[in-house]
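To keep things clear, I will list the structure first and then write my remarks on it.
A short reminder: the numbers here are calculations on the coordinates, not readings from a lab. Just so it is clear, the structure is predicted and the values come from calculations on it, not from any experiment. In this analysis, Cβ positions are derived from the backbone assuming ideal geometry, glycine residues included, and neighbour counts consider all displayed protein chains.
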Amino acid sequence: MRGTRPTGAILAAVLVALLAFGAAAAAAHVTEEAGSFEVELGWGLEPPRLGAENFVEVEVADAGGNPVAVPSGALSVEVVYGDRAITLPLTPTGRPGALEARLTPTRPGSYGFYVSGSVDGTPLDAGATCSDSTFECVEAGGAVEFPVEDPSAGELAQRLSSEAGRVEVAGERAAEAGDEASGAQALALAALALAAAALAFALLARRRRGSG
């Protein structure tokens with residue numbers, strides 16, 4: 001019995017799958033031109049998971065694509081999320097031109113990476129924001145959790161912040177109600193004192209009339 005040979009259709013399908021995989025892998029990082037340098041940046045671990053340890057990965061090359069050695073402290077990366085930003089030092093990894101900055105994303109959404117500094121006296125500035133054509137944004141979940149789905153650290157923080165706000169409002173209302181109750185109690189005590197004084201005055205006046 002003759003062995004079967006791969007058909008043209010199967011080979012074509014394999015080729016398409018490999019091309020699609022290569023395109024997906026390329027989309028995990030973005031390459032930006034920065035003067036005489038080419039800077040590739042993105043998440044070190046793709047896809048980035050909410051609350052999972054990760055790192056910003058940066059590779060520096062010259063115009064010909066050759067890795068450029070970058071000394072420690074020469075470059076930093078500013079990570080931007082909404083109206084918040086943090087600047088982290090980029091540390092060489094041991095591979096020529098490769099650097100990283102450790103980071104754990106605690107909120108889902110859009111992140112921007114902006115690399116700046118100088119290499120051998122030449123300024124370098126490059127950056128990009130996550131998108132379908134650059135690097136992946138951080139999404140909540142994405143993995144199967146069984147038997148129950150536990151909230152992430154970021155989601156717990158948001159819930160705690162919300163509950164703290166509710167407790168604060170409830171406390172203010174309780175304080176206001178307590179102040180009102182204290183005022184009413186003071187008025188009642190004052191009224192009782194006036195009534196007692198009036199009664200004592202009436203009894204004293206009756207005794208004086210009787211003795212007269």
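Summary table below
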{"item": "Environment charge at residue 90 (Cβ cut-off 10 Å; Lys +1, Arg +1, Asp -1, Glu -1)", "result": "-2"}
{"item": "Rough spin-label spacing in nm, given labels placed 7 Å along Cα→Cβ, for residue 192 and residue 174", "result": "2.6 nm"}
{"item": "Shape parameters for segment 161-202, alpha-carbon atoms, Rg then Dmax in Å", "result": "18.2, 61"}
{"item": "Order by protection proxy (mean Cβ within 10 Å, highest first), peptides 190-196, 37-43", "result": "37-43, 190-196"}
